[in-house]
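Take a look at the structure below.
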Amino acid sequence: MHEPLVITIDGPAGAGKSTVAQKLAARLGLMYVDSGATYRAAALKVLEAGVDPHDEPQVSKLIRATNLQVTAGDGEPRVLVDGDDVTARLRTPEVTLAAAHVSRLPDVRAKLIEVQRAFARGRGVVMEGRDIGTVVFPQAQLKIFLKANVEERARRRLKQDSHESREATLEKTAYEIGRRDQLDAERKISPLMPATDAVEIDSTHLQADQVVEQILELVDKRGLGESGSAG
């Protein structure tokens with residue numbers, strides 16, 4: 001019996017992970033999962049409990065006692081916190097900021113890695129994030145590390161967030177992305193880095209559909225099944 005197909009897509013902010021992962025999952029009939037949503041859910045719990053996201057002991061204690069789940073829902077992944085579907089409440093600036101602190105805590109990462117792994121048991125997934133191929137699914141059948149130069153990633157981020165910030169500039173956004181890259185690469189827990197067996201794809205001059213086609217060629221070349229199983 002074949003194991004369900006797991007494809008991991010890691011990379012820095014603005015590399016195109018979410019768009020590529022969603023399109024790829026749709027083409028292969030797999031479930032798409034944004035691992036970042038689990039960290040946002042933990043951050044939301046921290047904020048709603050009135051806990052300071054910088055207070056590591058209190059955050060760790062709270063999250064250890066919280067039931068966090070990702071479920072298939074109506075065909076789309078839903079994030080539950082103590083049984084409450086919080087999927088629609090995870091994209092506020094406050095949650096994003098808190099998630100940046102919460103996601104660096106060892107206890108939080110350890111728990112959410114288990115949540116992410118639990119969702120993939122028995123089903124094929126395309127999961128994107130920053131440590132999916134290196135830590136969450138080191139045995140995944142196909143690992144992609146998606147990258148692009150900082151300037152192009154800044155352009156994409158400005159286009160994505162243009163309705164939220166009129167003061168953002170290409171230079172400022174590129175600086176912020178570069179700083180995030182440095183923090184992700186230097187953190188002690190699950191630093192951002194390609195898995196040793198990951199296929200690196202530079203998306204700087206590629207459209208998302210072109211990246212997807214490259215990955216589909218790899219799926220076909222490696223004989224990975226179309227129904228979410230290794231061939």
Quick check on the range 184-201. Is at least one of its residues closer than 17 Å to V33 by Cα and either small (G, A, S) or modelled with pLDDT of 95 or more (or both)?
no
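Let's see how each residue does on (1) free of Cβ contacts under 8 Å to residues at least 12 places away in the same chain; (2) in a helix (DSSP H, G or I):
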{"position": "Y39", "(1), (2)": "no, yes"}
{"position": "A43", "(1), (2)": "no, yes"}
{"position": "V46", "(1), (2)": "no, yes"}
{"position": "D52", "(1), (2)": "yes, no"}
{"position": "Q58", "(1), (2)": "yes, yes"}
{"position": "V70", "(1), (2)": "no, no"}
Can you pull out the residues in the range 179-204 that are over 13 Å from D10 (Cα atoms) and either among the hydroxyl-bearing types (S, T, Y) or free of Cβ contacts under 8 Å to residues at least 40 places away in the same chain (or both)?
R179, Q182, L183, E186, K188, T204
When you look at D34, is it of a type in the set (D, E) and at pLDDT 95 or above, yes or no?
no
Is the range 1-13 home to any residue that is within 30 Å of H205 (Cβ to Cβ), polar (S, T, N, Q) and crowded, with 16+ Cβ neighbours inside 10 Å?
yes
Scan of the range 74-103 for residues that are surrounded by 12 or more Cβ atoms within 10 Å (Cβ to Cβ), assigned to a loop (DSSP other than H, G, I, E, B) and touching a Leu at 6+ places or on another chain (Cβ under 9 Å), ordered by number:
V86, L90, T92, S103
Does the range 1-29 hold any residues that are closer than 22 Å to I177 by Cβ and part of a helix (DSSP H, G or I), and which are they?
K17, S18, T19, V20, A21, Q22
Residues being touching a Lys or Arg at 6+ places or on another chain (Cβ under 7 Å) and not in a strand (DSSP E or B) - total across the range 104-140:
5
State all residues of the range 150-180 that are of a type in the set (K, R) and either at pLDDT 85 or above or outside any loop (DSSP other than H, G, I, E, B) (or both); if no residue qualifies, say none.
R153, R155, R156, R157, K159, K172, R179, R180
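The values are calculated or read from the model by the stated rules, or taken from the named source; none is laboratory data. Keep in mind it's a predicted model, so treat the numbers as computed, not measured. Positions of Cβ are generated from backbone atoms using ideal geometry, with glycine treated the same way; all protein chains shown enter the neighbour counts.
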